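Here the structure comes first, spelled out in C-alpha cells, and everything after it is commentary.
Quick note: the coordinates plus some simple rules give every number you see, no bench work behind them. Here the structure is a predicted model, which is why all the values come from computation and not from measurement. Ideal geometry is used to build each Cβ from the backbone, glycine not excepted, and the neighbour counts take in all protein chains shown.
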Ligand SMILES: [Zn+2]
C-alpha cells in the first residue's frame, strides 16, 4: 500500500507538519496542515505533483485535533466531500472548535497568576484561528479498522500528547502512522487538557503517555511515520532514550521541590526560565504532567489551596 508524504508549512515553533496520503481505495488523507494561505498552496501543489486533485480525496483521518493537524479539514471537506474521522474524545474540538486547551480553571489550578493566565488564553484564541469547525465528523474508537481495497489500518488509541491522540497501524508491514505520539528529534509534549471523562479534572497526560508507549512496544512497529521530522526505524532504542529522558526529568523535578511546596507554574519557571508566549503554556503543561505523575506514584502529595494545587515531597 503506497504512502505519500506531503510536507506542509505551519506558523508554529514545531516547524512543518508531515501529512500522509494513503494511496489506495478509498484515497485517504491522514492529517491536513493548518489553515493558512501558505499551507493551502503547499497542499494543493504537492497533491497535484502526486497526480491527484483535492477532489479525489475520499476520506480524512485525524490523529488528533491540534491546529496543524486539523486546520485544513473543513477547507478540504468543502471541496472533496469526504468525512473527517477523529477519536471520540476529540470530536467536539472539531465540531465546535471551541474547547480551549488553555482552560482557565486548569491553568488556575496549575498556579498561573491571573495576568499571565489571560495572556495564555489570548495566545490560544489566536492559535484556534488556524482551524475552522468541521461539519461531517465521524468519531472512531480504539481498534477501529479503516478498510482499504488492499488491506486495513487499525486505530491504536495512544492518549498522552492529547487525550484522543491515536496512531494507525498496518499490521501486515508493522508500519505506524504516529501523529505526534512519536517524534524523531523532540519529546512530544504532554499538553494540559481537561479529562474527557470529567472536564472538571485535568487529564493525567504523562501517566497515559507512558502506558501508550508500552502498548506500542508490544506492537513492535518497524517503520514509524511521524508528523514532524524523520521516520523512526529503531523504536526500541528510541523508547529507551525517551524513557531515560523522562525519568531524568522526573528526578530533576523531585529535587527542585522545596519543603514549602511548589505549584506547576513555579516549577515551570525553574525548569524553563526563558520561554515565552505559547511555549509558556507548554512549559506549564510539562510541569503539570510531571507533578501529576509523581503524585500518582505517591512520590508527592497534593494540597488544594483556593483552587490551586500545591505539591509537597
Ligand atoms: Zn499535536
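Some observations on this one:
- Helix 205-219 and the longest principal axis of the C-alpha atoms of the chain enclose an angle of approximately 40°.
- Against the chain, whose longest principal axis is taken from its Cα atoms, helix 114-128 shows a tilt of about 0°.
- When only Cα pairs below 8 angstrom with a gap of at least 6 residues are kept, the chain shows a relative contact order of 15 percent.
- Across segment 153-288, the relative contact order, built from alpha-carbon pairs under 8 Å that are at least six residues apart, equals 23 percent.
- Note on the chain: Cα Rg divided by 2.2 N^0.38 Å, N the number of residues, gives 1.00.
- Relative to the longest principal axis of the Cα atoms of the chain, helix 37-49 runs at roughly 40 degrees.
- As a rough footprinting exposure proxy, the listed residues 120, 1, 40 were ranked by other beta carbons within 10 Å of their own, and the order from fewest upward is 1, 40, 120.
- Taking other C-beta atoms within 10 angstrom as a stand-in for reagent exposure, 147, 275 fall in the order 147, 275, fewest first.
- Euclidean distance between Cα centres, segment 131-161 to segment 221-291, Å: 27
- Among 12, 146, a tally of other beta-carbon atoms within 10 Å of each Cβ gives an order, fewest to most, of 12, 146.
- Cα-based radius of gyration of segment 134-270 once divided by 2.2 N^0.38 Å, which approximates compact folds: 1.19
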